[in-house]
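No lab work stands behind these numbers, since they all come straight from the coordinates. For clarity, every value in this text was computed on a predicted model and none was experimentally measured. Cβ coordinates were reconstructed from backbone atoms using ideal geometry, including for glycine residues, and neighbour counts include every protein chain displayed.
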């Protein structure tokens, strides 16, 4: 099997140094292994994703010296595949429509000891998980806002114990064979009324459809791998091996972020930076140097 790597940015802003690091790592490992490099555009959010950002991303990646297989995969062109996966989970009675508003969720999870997911968000209270099916269907048909959520406990019971292979290291140095724990995320969102997929659902479908064998991504997604292994198992999809890398941080020790206005590659290019400069800034050797 040919080693297959992918870099999957969202076209909702400029790439920054953290993106460059991840993209270059994928490119370096694909080249060193004689494998394939794929670019996937994760554009499931039409309110934030724009064609001009996609064009800028591809231009930045080419400027960095990356060479990937064409054409790129755009998630917005594969909603049917995600819907089919959701339908399979529905047929297993592992999803339900959730109707609680943000205000209702906030009120229900206000207790200081309410459990939280690895990102720090309160777990969904699931007060509507056991809603009468007829009532749930009436609300959906009536146009009520809702999200399709995974019945986490039932899903774990069906899938059984889960593991993944970690070639890098997690936030606490985890490496090797890792016991996956998707329960830490509660009843995760798999799709919404207005968007027929979520990050968790689309990423496992995409990786399987594209034949991805190695997922190289930031350590901030280490714990999400538990959810991905669960969905892969339920849907009968192959499991890649994973390598979670450290994050590029700003001077205050925070993760770089588009929303925080972290300096983009385009600005660094305009200031005269070269691709070799970017590699040095993120701590990578020169291209072609082991």
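Below, the figures for the structure above:
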item: Pairwise FRET efficiency - residue 221 versus residue 273, Cβ, R0 = 41 Å, nearest 0.05; result: 0.95
item: Rh (Kirkwood; distinct C-alpha pairs) - region 1-118, Å; result: 17.4
item: Region 54-172 - Rg over Rh from alpha carbon coordinates, Kirkwood radius; result: 1.07
item: Per-residue [θ]222 nm for the chain (sum of -39500 (n - 2.57) over DSSP H runs n ≥ 4, rounded to 500); result: -10500 deg cm²/dmol
item: Cβ-derived FRET efficiency at R0 45 Å, residue 138 paired with residue 266, nearest 0.05; result: 0.35
item: 116, 217 arranged by Cβ crowding within 10 Å, fewest neighbours leading; result: 116, 217
item: Alpha-carbon centroids, region 1-45 and region 125-163: separation in whole Å; result: 33
item: Projected label distance in nm at residue 55 and residue 109, using a 7 Å step from Cα toward the beta-carbon; result: 3.9
item: Square roots of five times the Cα gyration tensor eigenvalues for region 23-69, Å; result: 24, 12, 7
item: Normalised convex hull volume, region 78-130, alpha-carbon set, Å³ per residue; result: 121
item: Cα-based shape type of region 44-112, given that a ≥ b ≥ c are square roots of the gyration tensor eigenvalues and the cut on a/c is 1.5; result: oblate
item: Taking 59, 130 and counting other C-beta atoms within 10 Å, the order from fewest to most; result: 130, 59
item: For q = 0.17, 0.20 Å⁻¹, Debye-computed log10 I/I(0) when each Cα of region 191-290 counts as one equal scatterer; result: -0.99, -1.10
item: Residue with peak Gaussian network fluctuation, the chain [Cα springs, cutoff 10 Å], from 240, 51, 171; result: 51
item: Region 106-248: translational diffusion in µm²/s, Stokes-Einstein, Kirkwood Rh over Cα pairs, 20 °C, 1.002 mPa s; result: 129
item: Residues 28, 220 arranged by fewest to most Cβ contacts within 10 Å; result: 220, 28
item: For the chain, share of DSSP beta bridges that run antiparallel, in % to the nearest 5; result: 50
